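Here the structure comes first, spelled out in structure tokens, and everything after it is commentary.
The values are calculated or read from the model by the stated rules, or taken from the named source; none is laboratory data. This structure is a prediction, so every number in the text was calculated from the model and none was measured. Positions of Cβ are backbone-derived with ideal geometry, glycine not excepted, and every protein chain shown enters the neighbour counts. What goes into the accessible areas is simple: the full protein's heavy atoms, side chains included, and nothing from ligands, DNA or RNA. Shrake-Rupley method; radii C 1.70, N 1.55, O 1.52, S 1.80 Å.
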Amino acid sequence: MQTKLPEAIVATTKGRRAEQILRSCVHCGFCNATCPTYELLGDELDGPRGRIYLIKEMLEAQKVESVTVTHLDRCLTCRACETTCPSGVEYSQLLEIARDYVSSNYRRDLLDRLKRLWLIRTVPYKRRFRRWAQLGRAMRWFLPKRLREMLPVASTVEALQATPPVSPSVAASSVLLLNGCVQQVTTPQVNAALRELLAARGIAVVELAEEGCCGALELHLGKEPGALATMRNLLDTLAPRLDEVDAVISTASGCGITLKDYPRLLKDDATHGKLARRLGDKLLDVGEYLLSLDLSWRKQDEVLAVALHQPCTLQHGQKLGDEARQLLQNAGYDLVAVRDEHSCCGSAGTYSLLQAKLSSQLRDRKISCLESGQPDVIATSNVGCHTHLAVAASVPVVHWIELLR
Amino acid sequence: MSRKLVRRLLQRTLPRHCLITDPVALKPYETDGLTAIRQPPWLVALPETESQVAAVLRICREHAVPVVPRGAGTGLSGGARPVEGGVVVGLSRLNKILEVDLDNCVACLQPGVRNLAISEAVAEHGLYYAPDPSSQIACSIGGNVAENSGGVHCLKYGLTVHNVVGLKVLMMTGEVLHLGGRGQELDGYDLLALMCGSEGMLGVVTEVWVKLLPVPPVKKVLLAAFAQVSAAAAAVSEIITAGLIPAGLEMMDRLAIQAAEAYVHAGYPLDAQAILLCELDGVAQEVEADAALVERLLRDLGAIDVQIADDPQAQARLWLGRKAAFPAVGRLAPDYYCMDGTIPRYRLAEVLQQIESLSVEYKLRVANVFHAGDGNLHPLILYDADIPGELEKAEAMGGRILELCVAAGGTITGEHGVGVEKLDQMCVQFNSDELEQFERLKAAFDPAGIANPGKAIPTLTRCAEIGGMHVHNGKLPFRNLERF
Ligand SMILES: Cc1cc2nc3c(=O)[nH]c(=O)nc-3n(C[C@H](O)[C@H](O)[C@H](O)COP(=O)(O)OP(=O)(O)OC[C@H]3O[C@@H](n4cnc5c(N)ncnc54)[C@H](O)[C@@H]3O)c2cc1C
Ligand code: SF4
Ligand code: SF4
């Protein structure tokens, strides 16, 4: 597509990158077909092709208009469009640049700013988030429905207090397990299950005493400088342990995708670029890791029917997903067919709070797709989707790790 | 016309989120799949119900405001490009499958239903909707009707017109036209066929009845690589002459192969000058026999390699490369201009040769993708719109290619329509009497001339200016009728 970006924009690294991406789009519209917000809203402006156009217009005019912000905010960053696009348009990178541009050139209204500030200041800090969660639970009946639904359920909040790290005396292999900030508070049972699985198979699990956030949250809210600082911080905490392990894994695909992106995001970083690449070399999604070990699983006595939910961060972001399917099949589960597998559940990080209405519409659709095959349980690979789906599903929702024995 | 009044009327008729008035938000609607030609609309209406569509049309009729219907905006000839001061009526929200009638194997669809969504919805019954434009994942059935779209399978199963059995059309006069439907015979003029390919100039389609076919029990896809384009072209003729009707017979040249391969990794041979994809379907015995025959023909005609895909995954992958070939070419150059002409099959090799010469003359690369079986050429001219003059050069070269097609006994459009893109070539293809007849036909449906005006039929003045039309006795008929 033709672009006429002004010199001031093209002179910057990001501007040049944006131009490159814009130019690779041929405006065929294929991507609209699999975009969840386009499916829901049926407006060119709420599909990737329209968003790309709005971004082009914004950068050409060097002016951020509120309609543009509205439609960019509605994007889930699910990247289904990238999977569909035959021209290889790296939409999410363009969006990242656009969100950053919006963030520095546009003043949001007060409520919006407060919400975003609260998210950035609270969610990535497990103690703060836990305190809010406990407070929220005590006052749950006074909270708006959306916030109430976000709260972790009782048992998990308590379970969090005690999770001793496991380290077998003779380890066949060792792995660094990243716990993720939200996951430690909302679904700690997932990593607890993984620790047990690995310990039983003689794999040493290394964990960080003070693990910070991976930076995903800030990045998605268009706060790139803050996000990069958070990333450097995590890298510093990680660095001393990196050599002692064979792999670094995360059980939350939403964190995993950001971590896998470190080498790109910190490419030009003088102090942390190299470290980011070193992490990149060892980083695996938990599915990739387990499958590579060729382990055997205890077969279930009673065959459960599982609907496997593929988080966008896994299927579109990391181009993975078959690993979990294979592992579950190896463990004897019956996987039911799921309609519209490409489509986002609407959780999308902070989206469920910032775009509550769309988010719950997408969730309802997703659940009907997941439950159409009458599963006994829904299994996912990401903490955000996990808690989001659990609120409305009529069968239990788990991380698939919890199904392995 | 008071614009303020019309806007107010529309605002009163439609819910807030169904009318776009902000100039920034209107911009992405200024173009369809052909981005070289743009025009921001005055307003965009996105009705959610048929009665809202009718209400918008009524207001526009009463105040003589032009209306441009829009489906998924994947058109490649600027058909859905807005007209100045006009209202775009987007039909994307009318996307429900209204009925699937398994007894009669037909389905009734709203116009915004995506082509592929039809086949997906009836797959569990072993049925599908046959016409499959490469854009099938995104394009709408309403747009398909308006463009009479075809696809890789139309050699055997026909174009949209052969697969649509009924339509409901809201006419600009306020009348509602019911044509055919579930098993209904059409009497009188075949207006259904007229509507197919009418490019939104006769009315707005709000319901489409389509035929559903049983998925053939067996399929095979053959991929043949050729060291020469002419050999591949000859093989196409030979297969048809042998009395075979493949479900699809497609050809791609080297540049297109490379682009598609980079996207899907289908295993296309990168060293070939051309490949043919031939799909055979039907009952097992027939397919086996035909496949053996085609393979022998291909080898006899100099194919350097023939692969046969039996399983659905491998077949889908081979086709995916073909279906994504246009946008995949986006990887080779910043812009491409997609042409769409037809020629008699037996002149394929010759026309390709001439296109090659034009490519050298204009110094622009051309990737070729064809529905070779029915002689529908899609040369994709690669250019860079950021280089001043390149777009004009590409357009000029495209025009020459279409003239080549007409000279070879073909037409200027196979399936993408005329839109605003090929108005000039219409003057080459048709004489003034024919063009006037088209205009009279449009006027019969749309006397006020507000349905997608300025598309598909060139004004006679325009034709005279480009010198492509014979002007009778120095007099231009309808000289003053710029409104066409
Ligand atoms: C990559 C690519 C590949 C393509 N491959 C093919 C192919 O193989 N074969 C093929 O035939 N085409 C192909 N096309 C062209 C295009 O997809 C078709 O013309 C398609 O039918 C357009 O559908 P749409 O919904 O996008 O319509 P639009 O582009 O939105 O509109 C097309 C025309 O239809 C009119 N229209 C739309 N809806 C209605 C309605 N409900 N009532 C009345 N008029 C209406 C519009 O006014 C316009 O004139 C391709 C396009 C792309 C981008
Ligand atoms: S599919 Fe890719 S090339 Fe086509 S419009 Fe979407 S982003 Fe652009
Ligand atoms: S990332 Fe998802 S929501 Fe955003 S434009 Fe792409 S497909 Fe649509």
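Worth a mention:
- Length-normalised contact order for the range B:232-346 - Cα pairs under 8 Å, 6+ apart - percent: 35 percent
- Descending semi-axes in whole angstrom, ellipsoid equivalent of chain A, from the Cα gyration tensor: 34, 24, 22
- Computed from Cα atoms alone, the Kirkwood hydrodynamic radius reported for the range A:198-347 is 17.1 Å.
- Phi-derived couplings, Karplus 6.51 cos²θ - 1.76 cosθ + 1.60 at θ = phi - 60°, listed residue by residue for the range B:92-101: 5, 7, 8, 10, 9, 7, 7, 6, 10, 9 Hz, with x used for Gly and Pro.
- In chain A, taking the dipole from charged Cβ atoms about the Cα centre, the farthest positive-side position among A:234, A:86, A:313 is held by A:234.
- Annotation: amide H of residue B:336 within the under-5 Å range of B:383, sequence separation 5 or more or interchain, hydrogens built in the peptide plane.
- Cysteines having no other Cys beta carbon under 4.7 Å from their own, within chain B: B:18, B:60, B:105, B:108, B:139, B:154, B:196, B:278, B:338, B:405
- Sites residue A:113 and residue A:322 - FRET efficiency at Förster radius 30 Å, r taken between beta-carbons, to 0.05: 0.15
- Residue-wise HN-Hα coupling along the range A:192-197, computed from phi with Karplus coefficients 6.51, -1.76, 1.60 (Hz; x: Gly, Pro): 4, 5, 5, 4, 5, 4
- Accessible solvent surface per residue of chain B, calculated while the other protein chains remain in place, 1.4 angstrom probe, Å²: 39 Å²
- Protection-proxy order for peptides A:182-189, A:349-356, A:8-15, each taking the mean of Cβ atoms within 10 Å per residue, highest first: A:182-189, A:349-356, A:8-15
- Here the mean projected area of the convex hull built on the C-alpha positions of the range B:97-214 is 6.9 nm².
- Per residue of B:135-141, other chain Cβ atoms within 10 Å of the residue Cβ number 4 on average.
- Between B:158, B:191, A:36, the Cα set farthest toward the positive side of the dipole of the protein assembly as shown (charges on each charged residue's Cβ, about the Cα centre) is that of A:36.
- Proximity of backbone amide H atoms, modeled 1.01 Å from N, is registered between residue B:127 and B:215 at under 5 Å, excluding neighbours fewer than 5 places apart on the same chain.
- What you get for chain A, charging only the Cβ of Lys and Arg (+1) and of Asp and Glu (-1), is a dipole of about 1160 debye around the Cα centre.
- Label point distance in nm, residue A:229-residue B:123, each placed 7 Å from Cα along Cα→Cβ: 4.9 nm
- Average partner coverage of B:321-330, which counts Cβ from other chains inside 10 Å: 5
- For the range B:333-481, size of Cβ-based charge dipole, Lys and Arg +1, Asp and Glu -1, in debye: 340 debye
- Think of the range B:333-481 as a dipole: +1 on every Lys or Arg Cβ, -1 on every Asp or Glu Cβ, centred on the Cα centre; then among B:429, B:370, B:343, B:429 lies furthest on the positive end.
- Cα-Cα separations in the range A:13-124 greater than 18 Å, expressed as whole percent: 50 percent
- Remark on residue B:98: its backbone amide H falls under 5 Å from those of B:108, B:109, B:110, a criterion applied only to residues 5 or more positions apart or on other chains, H modelled at 1.01 Å from N.
- Among the protein heavy atoms, those of residue B:387 account for about 80 Å² of accessible surface (1.4 Å probe, every chain in place).
- Accessible area of chain A divided out per residue, in Å², using a probe of 1.4 angstrom: 41 Å²
- Protein heavy-atom surface of the range B:42-154, 1.4 angstrom probe: 48% of the accessible area is carbon and sulfur, with nucleic acids and ligands not counted.
- Radius of gyration and maximum dimension Dmax of the range B:333-481, Cα, Å: 16.5, 47
- Counting only aspartates and glutamates at least 8 places from residue A:282 when in the same chain, those with an alpha carbon closer than 16 Å to its own are A:207, A:236, A:243, A:244, A:246, A:261.
- Among B:134-142, A:113-121, the order from most to least packed when residues are scored by Cβ within 10 Å on average: B:134-142, A:113-121
- Share of Cα-Cα pairs in chain B lying beyond 41 Å, as whole percent: 19 percent
- Overall Cα dimensions of the range A:298-403, principal axis frame, Å, largest first: 42, 28, 21
- Value of [θ]222 nm, deg cm²/dmol, for the protein assembly as shown, DSSP H segments ≥ 4, -39500 (n - 2.57) each, nearest 500: -12500 deg cm²/dmol
- Note on the range B:218-328: Cα-Cα pairs beyond 23 Å make up 21% of the total pair count.
- Taking the Cα centre of the protein assembly as shown as origin and assigning +1 to Lys and Arg Cβ atoms and -1 to Asp and Glu Cβ atoms, the resulting dipole is close to 3720 debye.
- Segments A:60-70, B:189-199 sorted - mean Cβ within 10 Å per residue, highest first: B:189-199, A:60-70
- Residues in the range B:27-64 reached by a label modelled at residue B:11 [backbone nitrogen below 18 Å; 7 Å Cα→Cβ]: B:42-47, B:56, B:59-60
- Taking θ as phi - 60° and the Karplus parameters 6.51, -1.76 and 1.60, the scalar couplings of the range B:286-301 work out to 4, 5, 4, 5, 4, 4, 4, 5, 4, 4, 5, 4, 4, 5, 4, 8 Hz in sequence order, x denoting glycine and proline.
- The range A:309-384, relative contact order in percent, only Cα pairs under 8 angstrom and at least six apart counted: 39 percent
- Shape index of the protein assembly as shown: Rg/Rh, with Rg the Cα radius of gyration and Rh the Kirkwood radius from the inverse mean 1/r over Cα pairs, equals 0.99.
- Cβ neighbours within 10 Å from other chains - mean over A:81-87: 5
- When the convex hull of its Cα atoms is projected in every direction, mean area for the range B:52-107 (nm²): 5.5 nm²
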